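Inspection log for the structure reproduced underneath, given as structure tokens.
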Amino acid sequence: MKKIILVPVILASLLLTISCRKDPVSPDEKWVAPSYSSGEKQGNITYQLLIYSFADSDGDGIGDFNGIRSRLDYLDALGVSAIWLSPAHPADSYHGYDVQDYSTVNPKYGTEEDFKALIDAAHEKDIKIYMDYVLNHTGKGNIWFTEAKKGRSSDKFGWYHISADPVTDIATGVFPMLSGYYPGEWYDVTVGEIGYTGRLHFKVDFSGSPKTLTVSRSEAEAQSPNSDTSVSMFLWIGEPGKAVRMYRTGTDVYEITLDVDSPWGVLVRTSDTSWDGGTKWGAPRGANVLTFGQPLTLSTDDAQDILFGSPSQMKFQGAFGSWMPDLNFGAVSDAASSGPFLALAETADKWISLGVDGFRLDAVKHIYPNERGEENPAFLKLWYDRCNETFRKTHSTDIYMVGEVWMDASSVAPYYKGLPACFEFDFWDRLKWVLNQRTGCYFAKDLMGYRELYRSVRNAPVPATKLTNHDETRAATILDRNLAKLKQAAAFLMTAEGEPYIYQGEELGYWGKDSDDGDCDEKVRTPIVWEKATDAATGDLNGHFDMTLVTDEISVAHQTSDSGSLLRTYFDWTRARNTTPALSSGKMSAHGRYNESNTSDSSVAAWYMTSSDGSKALVIHNVGQSEVTLDLSGDKLDNQVVSLGSVSVSGSSLKLGASSSVVFLQ
């Protein structure tokens, strides 16, 4: 991580790009956060929330379910009608996308009772809960993968792509999902009966070179771990692993007899507290299987797990790396009856029964390798129909489900055959160009073109519009932390056709680069600062978060009290979207004068939003650096819904200042 040193003057200037005002709000300036009566939030606004860094309720530095529950008033005031939670399951990583067990929740976040309490409290505020579900892969520590590694005798072996010869197995149809493709992401895995249950005697000999471990079957009495803290020789054994202190029986010789129940093997450690290099002793690569009664050479340079069994070395396929093995659903025609599909569906049933309202599906274009083929949409329809069948048993509406299909709009369109909603990455691609190039005249045409593509596939597609998410460089970074541009980005998001998402911290102007830009993912996943920086849930981010963001001056409390802040702009425009039917559910149509053909007014983006009940709104944005005067004869300008920047009406003439936006009812 790069060390960042900022002198106070520079830091202050950075903060003011977001906070906007130097002077505090006058004590007599009253502002009340928006409130909503039952059923009033019609804008279908979803907030993407990272459980681990949103709000911490118990002081351990890690966000949790109760922390989210304590901040529902904030999300309600922001006009949110749904929350997309980052993965809630136990996982090997902090972010949760390498799931260990889909059937339960991560204990770091609380209990299932805590999760249920969050769901119920959110529903009381007309806020739905969407879980993040990972169908493409599991974590390497998943209970299914642990079973699969036992070999062909395990009923989980076929749940993954595991092979000693992937090229041949793909060519001969062993893996129908991969037919015609050879994904390059194959990783070594040890498969077979590698553990041991029974009484064993262990002897570690560090007296000469090489250093060795000898393990023998034993009928002698089992020993308790040595309590003499002056001895620093340990066995790391079992699942989960635990350190067992050995007995010194000679100069640099250590022994112990134990009852063993280990599904993997053993390591030798010279410390039970330090995990630095040099304290871990295993076996050299390729020579890590024990033969009982014979010394095995130990190595600290490439310390592999020492295995009890005689397994074979095979490979598994993982599109997202060696710690995330891909699931094998078989041919798409048979996928719904495959083991992993049925197991995942069973866990989804549990969460639906608990009260979850929908799912965000991760990385769906990668499930079958032909991302532009028919398999993924067909698979997703099977998954959607299966979950919806459960959901409709207790609901009169269909389940919500949105897919992450990180491609251009024309490539996303076929995925609407399987899902009602997909994220629209092209929305932000076009909008950032509009704002940085200060050219708005093409925006409405582009968006309407995308929607025509979607409607050619599905009758009522739901484009999930957004700025950025947890995998992307932040909008504030791309827009050079320009407050006027950030405010207008919010105005565009809340006035376009689709169902918008706000990513945690976006409403506060958080910045940061993602890993593809040479930084780490945590830099775009900064915790929310509510009142004081010391309260932020930084504990699960490995110290990689941007310290310049975790400050009192960019906090929710500070921006709420500042009428010029980005947060207050979000409050204004989410309120307008929620309470204006034309914005809430309207379809876009072109303006007769200010459109893609009018390049003389290229800074203007204008369109109509018309809802099914006939209500209509005129949306106009000036993304330029200069004021424009627009002739809007034929439009009604007497009923303004919401505005940003400088707006002046005289008869049929509208003066719109630089980076200014307005909505009029028609």
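Picking from A287, A336, which residue would you name as being among the aliphatic types (A, V, I, L, M), in a loop (DSSP other than H, G, I, E, B) and surrounded by fewer than 18 Cβ atoms within 10 Å (Cβ to Cβ)?
A287 is the lone residue from the list that is among the aliphatic types (A, V, I, L, M), in a loop (DSSP other than H, G, I, E, B) and surrounded by fewer than 18 Cβ atoms within 10 Å (Cβ to Cβ).
Looking only at region 404-428, how many residues end up being out of contact with any Ser or Thr (no Cβ under 6 Å at 6 or more places or on another chain) and part of a helix (DSSP H, G or I)?
12
Can you name every residue in region 453-473 that is in a loop (DSSP other than H, G, I, E, B) and of a type in the set (G, A, S)?
Hits for region 453-473 are S456, A460.
Considering every residue within region 273-280, establish whether at least one is in a strand (DSSP E or B), touching a residue at least 12 places away in the same chain (Cβ under 8 Å) and surrounded by 22 or more Cβ atoms within 10 Å (Cβ to Cβ).
No: region 273-280 contains no residue that is in a strand (DSSP E or B), touching a residue at least 12 places away in the same chain (Cβ under 8 Å) and surrounded by 22 or more Cβ atoms within 10 Å (Cβ to Cβ).
Considering only region 638-652, state which residues are more than 42 Å from the chain's Cα centre (by Cα) and closer than 17 Å to S615 by Cβ.
Scanning region 638-652 gives a single hit, D638.
Quick test of your reading of the structure: T538 fulfils all but one of (1) under 17 Å from G63 (Cα atoms); (2) touching a helix residue (DSSP H, G or I) at 6+ places or on another chain (Cβ under 6 Å); (3) buried (at least 24 other Cβ atoms within 10 Å of the Cβ). Name the failing condition by number.
For T538, the failing item is (2).
Condition check ((1) among the basic types (K, R); (2) in contact (Cβ under 8 Å) with a residue 60 or more places away in the chain; (3) in contact with a Leu (Cβ under 6 Å, 6 or more places away or on another chain); (4) assigned to a helix (DSSP H, G or I)) across all residues:
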site: H558; (1), (2), (3), (4): no, yes, no, yes
site: S563; (1), (2), (3), (4): no, yes, no, no
site: D572; (1), (2), (3), (4): no, yes, no, yes
site: A576; (1), (2), (3), (4): no, yes, no, yes
site: S584; (1), (2), (3), (4): no, yes, no, yes
site: S589; (1), (2), (3), (4): no, yes, no, no
site: R593; (1), (2), (3), (4): yes, no, no, no
site: S600; (1), (2), (3), (4): no, no, no, yes
site: A606; (1), (2), (3), (4): no, yes, no, no
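Pick out the one residue from T297, T273 that is β-branched (V, I, T), over 30 Å from K365 (Cα atoms), assigned by TED's automatic domain parsing to the domain that holds Y247 and at pLDDT 90 or above.
T297
Identify, please: which residue in region 293-306 is more than 35 Å from the chain's Cα centre (by Cα) and either closer than 22 Å to S153 by Cβ or among the polar types (S, T, N, Q) (or both) and is, among those, surrounded by the fewest Cβ atoms within 10 Å (Cβ to Cβ)?
Q294
Considering only residues that are part of a loop (DSSP other than H, G, I, E, B) and either modelled with pLDDT of 95 or more or at positive phi (or both), which ones fall in region 304-319?
Passing the criteria: only G318.
Kindly establish whether D101 is under 30 Å from G539 (Cα atoms), touching a Ser or Thr at 6+ places or on another chain (Cβ under 7 Å) and either at pLDDT 95 or above or not in a strand (DSSP E or B) (or both).
Judged against the criteria, D101 is not a match.
May I ask you to verify whether D126 is modelled with pLDDT of 95 or more, assigned by TED's automatic domain parsing to the domain that holds L75 and not in a helix (DSSP H, G or I)?
yes
Among the residues of region 599-617, count how many are of a type outside the set (G, A, S) and either crowded, with 23+ Cβ neighbours inside 10 Å or more than 18 Å from K445 (Cβ to Cβ) (or both).
Total meeting the criteria: 5.
Among the residues of region 32-66, write down those that are in contact with a His (Cβ under 9 Å, 6 or more places away or on another chain) and either surrounded by fewer than 18 Cβ atoms within 10 Å (Cβ to Cβ) or in a loop (DSSP other than H, G, I, E, B) (or both).
The answer is L50, and nothing else.
Of all the residues that make up region 88-126, how many are under 20 Å from the mean Cα position of the chain (by Cα) and either in contact (Cβ under 8 Å) with a residue 60 or more places away in the chain or surrounded by fewer than 16 Cβ atoms within 10 Å (Cβ to Cβ) (or both)?
Of the residues in that region, 13 qualify.
Among G505, G509, G498, which is out of contact with any His (no Cβ under 6 Å at 6 or more places or on another chain), at pLDDT 95 or above, crowded, with 24+ Cβ neighbours inside 10 Å and under 23 Å from Y130 (Cα atoms)?
Among G505, G509, G498, only G505 is out of contact with any His (no Cβ under 6 Å at 6 or more places or on another chain), at pLDDT 95 or above, crowded, with 24+ Cβ neighbours inside 10 Å and under 23 Å from Y130 (Cα atoms).
Here are A476, A491: which of them is crowded, with 24+ Cβ neighbours inside 10 Å, touching a residue at least 40 places away in the same chain (Cβ under 8 Å), part of a helix (DSSP H, G or I) and in contact with a strand residue (DSSP E or B) (Cβ under 7 Å, 6 or more places away or on another chain)?
A491
I'd like to check something: does region 631-644 contain any residue that is among the small types (G, A, S), surrounded by fewer than 22 Cβ atoms within 10 Å (Cβ to Cβ) and under 18 Å from F492 (Cβ atoms)?
Looking for residues that are among the small types (G, A, S), surrounded by fewer than 22 Cβ atoms within 10 Å (Cβ to Cβ) and under 18 Å from F492 (Cβ atoms), one finds at least one in region 631-644, hence yes.
The values are calculated or read from the model by the stated rules, or taken from the named source; none is laboratory data. As the structure is a computational prediction, the values presented were derived from the model and not from experiment. Methodologically, a virtual Cβ is constructed for each residue, glycine included, from the backbone with ideal geometry; neighbour enumeration extends over all protein chains shown.
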